[in-house]
Amino acid sequence: MHIPELGGASDLREFGDEQGTRPAGLPRRDCVKLLGASAALAGMSACVRAPDEEILPFVRASHNLPGVPVHYATSMSLDGFATGLLVESHDGRPTKIEGNPEHPASLGAAGIFEQASVLGLYDPHRLKSPRLASRKPNRPWIDSRPSSWHKFEQAFDNANLPRRVGVRGEGLMLLLEPTASPLTAAMLARVRERFPACRVHFHSLNQNAEQSVASLTGFGEVVLPQYDFRAADVVVSLGADPLGWGPFHLRHAHDFSDRRRRSNRVRLYCAETCPSSTSTLADDRIAVTPSGIARLVAGIYDEVARRRDSDTGKLASSPIDDLNRPTANDRPTLNEREQAWIGRISQALRSAPQSSIVVCDSSQSEAVQLLVHAINFELGNIGSTVWYTRSSIIEAGSRSHQLSSLMEGLGSGEVDTLIVLNGNPAYTLPANADFAARARVVNSSVYLGQFDNETARVSTWQLPATHFLEEWGIECAYNGVQSIVQPLISPLYAGRSVAELLAFIAGVDPGKETNGTVGSAGIPSLGQISGYDLVRAQFFAANSAASRVNSEETWRDAVRRGVVENFSSPRVSVTPRQSEVLSARGLLHRQLAAEAGVRGERPKAVANEVASVELSLQLSRTVHDGRFADNAWLQELPDPITKLTWDNAALMAPGLAAQLRLETGDVATVKSEVGSVEIPVLIVPGHAEDSLTIALGYGREGAEAIARAVGVNANALRSSTSGMNISDAKVSSTGRRVELAITQRHWLVEGRGESILGHAVIARGVEGRGVESSDAEGSGVDQQIGDSLHPVSTKRKSSRRPLTLYEPPTDTKVGVGADQWAMTIDLDQCTGCSACVVACQSENNIPVVGKEDVLKGREMHWIRIDRYLSDDSASRIDVQPMLCQHCEKAPCEYVCPVNATVHSDDGLNEMVYNRCVGTRFCSNNCPYKVRRFNWYEYNGDVSEPGKMQKNPDVTVRARGVMEKCTFCIQRIRRAQREAELAGEPYTGPVQTACQQTCPSQAIVFGSLTSRDSEVAALSELPRAFSALEELGTIPRVRYLSKLKPEEG
Amino acid sequence: MSNEAIAHRDVLRVDSLPDDGKLTVQLLRSAFHSSWMWWPLFLLSGALALLFVVAMAVTISRGIGSWGNNIPVGWAYGITDFVWWIGIGHAGTFISAFLLLLGQHWRASINRLAEAMTIFALVNASLFPVLHLGRPWFFYWLVPYPATTGVWPNFRSSLPWDVAAVTAYFLVSLMFFYLGMLPDLASARDSAASRTRKRIYGVLALGWRGRSSEWRHFRATYLLLGGIATPLVISVHSIVSLDFAITQLPGWHSSIFPPYFVVGAIFSGLALLLMLMLPIRSVFRLHDLITERHLENIAKLMLATGTILGYSYLCEAFGAWYSGDQFERFAMLVARPFGPYGVLFWLMTLANVASPQLFWWKKMRVQPVVLWLVGLIVFAGMWLERFVIIAGSLTRDFLPSSWQDFVPTWIDWSLLLGSIGLFLFLFLAFLRWMPFIPISEIKRLRYEMVQAGPERSA
């Protein structure tokens, strides 16, 4: 080769002729492409476990992109009633549960149970396959070994079931949880077609049988009271917790705060044994024992009835006057405090004719319930703020809901086959019912449940049940609105739903029937039964029955939206039967007089260090009746008031504790007629004297590793005849001590109320202090809105920015530059329900740390609910959601030695996890102490299925780094990115997880610079303030102070 | 000369000292022969040091969770131990450099001990800030170096300055210590019996021959290093105090911290010096070298610093009250004296302010047992002071909702006791193998005093 060739040769090639041709076969680039694609796809197929049937996203999308979350509507049923939900799904993994804005029980909010249930889906302790008991007589528990559905079907031998249980099914007993599901109702009807004489029972801890019976007595039918808090000016809660508990509490909280936002005269009165979420908003609360609540109800009824008499002038015409004109003799013995409270209540109720609501504790006796109905009736509320619908709970008020008939049936010896569908009766039935012994007597027992729990361990067959995110169903809300349950994921552990099992026992397959193959197939096997077909059949059948449009489109619409169109219980027009009311009143008075007599005889003081008290059992506010006891989020969620985690305790007033010389953490013995427990004491200021409150749902003994041995099982104190309120319990000290994992140990605000809570001087209901100083009385709602939004503070006038020499770090002028994120939290609306805490936990991959570390003060919640008392009397309980305040002059930022926490241009205090070395200097200098530290590798022991819950948009933090609220920066950035991709300027709105789920809508988030920004308007209100404003940190979180209760 | 001589008079008991050669042999004796009580002490401290290693291993492998820290108490034993040890490290340089510049010749007999104490205290002190990190393997991110990330330390924070100050102090102290030891190492080389020892001391002595030019350079360098070290005595603990003073936590947020901390540091260092020096004086019969004059001077210094500390405590309380700030007032006037660590506060006040008041009496100043006990009390009291300030303030801050107490774990205790073990281990090793009395300086001082002698008698 000579040199000239280099320049001249046109065909010069790097290689010779033979090497220059393309190699045959797969080209290198294509090979790499295929390698990459197959690696990526292999990963994807491993993750996706979508259900086989078609599920429909809430927001219609043309296509699903990997990595882009999709929301599906579904609903979760608790205590029989459904709450509509939207579930966020990342590539087939449900990761977060939010409220369905179209569902009446949710209106976009979700409670703690609904939200935490996504963790329950991935619970590694769930039953993974059917298990068969291997009986060993000497063991307290029956051991079991893994089996399969096939073996179960063989052993159960459904075709020959009539031979065992009788042709009419006398020997068959079904035990369900009370439910309003029309699908379950239909399937039960099918079972009864096959076995007309089978026994069906309903049981749960939260059955509210008294409520149903009272309504049956008072109205002649079982009705459910419906409340419209949007129309109520005066709300009186007698032992109830309408804004924090119950099937419709999200809706109630939403409506109540809606009303409060519009009018500054809405007043809330609470009488209760133990402080509740609702009472944190109360203008006037009184602590009374459960029997005291009954006394108050009787007292209020008498006041109301007497006033009605004097108002109408019908002095001799009313039966009240003839029979029960309240006289000094038969009036309940109210003390001065109670008398005064009733006086104030009556005055308030009088000031709000037809626009008040009186609600009471559903565990109170039938007489009390009935009197409350009567009070609402006397006040003219029925038809305006209160109305009734027929109860949609299956067989509500009938014998099948009564404990006695269940015990009778089980004890009769006639039951051959017991089938328990969900629930955990072995735990939730009272101790003296001894379910375990009775269940062992039956020939064969089948338990369909999610866990190997107490009930599973006394059953012959343990069958894995589906989680609601894995099943098809139809549920019914408290007001009768029906919704479709659609699965987000195919069953993780081969579970079957209640409806499927019922259909199996019924021996028919309604899904096939609609396809025209009636009965021809004989008894179908479980494999032939599909929940999807059952739901569709039920949906179309109900539609036809109601002569509505029956098309595929209506089905798809119902599935997509999660709500069945035009389906709610109609109002029933009922009035309480006067004679029943009067006899209830008489009964109550006699009971109270008798009790007062007993109480009078009993030495009031503590004798021999044993106190005789009333005991109020209530479902745990965090693990319900124990069904969520294996859910670590809920175990570690502080109780809204006591801030207790990982335990239950005997709650008592400081006075009683002092008498017994008990401190928080001392173990006391609590004895009732039927049993006794040893339980640690927790002193709760504001608790009623002479009474104890103990949460049920703890002391579980199943195979659920998290639930086991947490707390004490207080069911041992209940008998099958006593309700949740036990009138005579003995409490004494054991002398032992344990540590209670309480996240906030200090109750008093230590005189810092103004600085922390903005204890304002603005009072509720004061007229004529609006901006325009026009009288609000005659000018309608608009004026009222203005009135409450812009009340003039007489003392505090705090601008958003304190006087400072320095320029603001970012420009917050409207329309300039980047968005400036900010948040307001209205303390006049926050109930401390803690839904935001769970929302944050599931959105932001916040780990649980366990009891040991909570004891050490290492809980990781990015948002917490602080609770304060102004003084020992607990006349006022304040709650305050506390999260990173995103200070413009953040004290954490300047002390970080490695620039791991810095400020963003849009006003966020950012945390750079991978730069953090973990000096904790930032936390020391944070006046709000909202920073959390990864003391251990908390994410190291997340179970394999548990990992599927993690939000892929949020970093899972490693050991040794700080973390804290980010204002859900992943949501902000996603919104901005999407706007950028769409080529439009970003307009929002972005919702943080806490804001999104807040039932009271107390949290408002947005940009200060965007026009018409709600957050900007709210943060300039006179009652807006920053926590610890005097430190000059200029937080981007502003609180709106609670209004001061009305004087007098 | 005469004034200086008078000042020297009772610094050495010149008359009872042997001649130079014998003095050298006598003072090097300890380096060549072990005493019967050395081994048990050495092994005991070694065992404690091992505990330190175990506790460190647990901390690094499992996480800071093995300590008792929490939110709000982000700093507790770890930083308390750090500040305490670094404070102790101040006495050495104070005695050797500060007093050198001030011409206080009495320092000669004890400066080597004090310097060794400084070095070993600093070894401990420098371990804790690294250990207390959530991710200790990234401790170097606090050092300004041109990282590829382009991220520098945050110079507004006091922690990078801490690193700089402690590192500088450690290096200068080490140089000062080593330089001062050179002539004595050479003496050890020359008097060592075995070849191995000769080799080792020979290498350590860096070829010191004792020429006059060497002495000239030595004196100049020594004085120069003293000049450099002296401001560091002031700066290091001032910067350490800024770890607290720059925050806004009530109980930390205080502008008197720098002088207050420096004084406290010297105070605690003198206390430990007393505790080490008195047994050494008695065991090695060094009464001729470490005289009552030394004891008295240290006692007087402790009386002064202890009283200043008491004044600082008062100032803190007064400042809090005078500020009118409710959080400050609560922290200083309620939580600190009467809160969960109130007992510790009063113990600390008793130990640090009351106990040195004994030294108003000369009898007490020269009584070794009293001195040793007061040293011990102050040694513990100063640890308490740091704990009360650091952890105590964190337990009761602005929002009552976040109030939480701190309970130490066995790891916390192991790190504290283990660091004492490591210190003793190193110190005993130093006593055993190194010339712990500055022989050359003693000889020089004696020479000066003898020279001054006739003049005085004349």
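Across the alpha-carbon atoms of the protein assembly as shown, the computed radius of gyration and Dmax are 39.3, 138 angstrom. Take the Cα of B:TYR178, step 7 Å toward its Cβ, do the same at B:ARG219, and the gap between the two points is 2.5 nm. Only Lys, Arg, Asp and Glu carry charge here, each on its Cβ (+1 for the first two, -1 for the last two); on that basis the protein assembly as shown has a dipole of about 4660 debye about its Cα centre.
Once you've got the Cα coordinates, tell me which of A:LYS128/A:LYS947; A:LYS96/A:LYS643; A:LYS33/A:LYS96 are over 27 Å apart. Walk me through the intermediate numbers first.
On the way: A:LYS128/A:LYS947 17 Å; A:LYS96/A:LYS643 24 Å; A:LYS33/A:LYS96 34 Å.
Those over the limit are A:LYS33/A:LYS96.
Looking at the protein assembly as shown alone, DSSP beta bridges between its own residues are antiparallel in about 60 percent of cases.
Based on alpha-carbon atoms only, what is the radius of gyration of the range A:967-1022 relative to the globular estimate 2.2 N^0.38 Å?
Details: Rg = 12.4 Å, N = 56, 2.2 N^0.38 = 10.2 Å.
Scaled against compact globular proteins, the figure is 1.22.
Take each residue in A:931-938, count the other chain C-beta atoms within 10 Å of its C-beta, and the mean is 5.
Based on the Cβ-Cβ distance of B:VAL334 and A:ALA958, what FRET efficiency does E = 1/(1 + (r/R0)^6) give at R0 = 41 Å, to the nearest 0.05?
Values: r = 39 Å, r/R0 = 0.96.
After rounding, the FRET efficiency stands at 0.55.
Annotation: aspartates and glutamates with alpha-carbon distance below 18 angstrom to A:LYS671 (same-chain offsets under eight excluded): A:GLU609, A:GLU614, A:GLU689, A:ASP690, A:ASP728. Projecting label points 7 angstrom from Cα along Cα→Cβ for A:ASN550 and B:VAL450 puts them 12.6 nm apart. Under 13 Å from a point placed 7 Å out from the Cα of A:ARG337 along the Cα-to-Cβ direction: which residues of the range A:258-273 have their backbone N that close? Label zone hits: A:271-273.
Comparing B:LEU51, B:VAL83, B:SER16 along the charge dipole axis of the range B:5-102, the residue lying farthest to the positive side is B:LEU51, per the Cβ-charge model.
Report, as an integer, the average count of C-beta atoms from other chains found within 10 Å of each Cβ along A:952-961.
Values: counts 0, 0, 0, 0, 0, 0, 2, 6, 9, 2.
Averaged over the peptide's residues, the number is 2.
Would you be so kind as to identify which of A:PRO576, A:GLN995, B:PRO250 lies farthest towards the positive end of the dipole of the protein assembly as shown, taking Lys and Arg as +1 and Asp and Glu as -1 on Cβ and the Cα centre as origin? Toward the positive end, the furthest listed residue is B:PRO250.
Expressed as a rounded percentage, what relative contact order does chain B have, with Cα pairs under 8 Å and six or more residues apart?
Rounded, it is 32 percent for chain B.
Taking the mean number of other Cβ atoms within 10 Å as a proxy for protection, how do you rank B:233-240, A:431-438 from highest to lowest? Mind showing how you got there, number by number?
Details: B:233-240: 22.9, A:431-438: 18.6.
The packing order, highest mean first, is B:233-240, A:431-438.
Between A:ALA197 and A:THR734, the simple label model (points 7 Å from Cα in the Cβ direction) yields a spacing of 4.9 nm.
Lysine pairs in chain B with alpha-carbon atoms under 21 Å apart, 8 or more places apart or on different chains: how many are there? Let's see the in-between values first.
Values: B:LYS22/B:LYS198; B:LYS22/B:LYS443; B:LYS300/B:LYS362; B:LYS300/B:LYS363.
Value for chain B: 4.
Coordinate-derived values only; no laboratory data. Quick caveat, the model's predicted, so the values are computed rather than measured. Note that each Cβ is placed from the backbone with ideal geometry, even for glycine, and that neighbours are counted across all protein chains shown.
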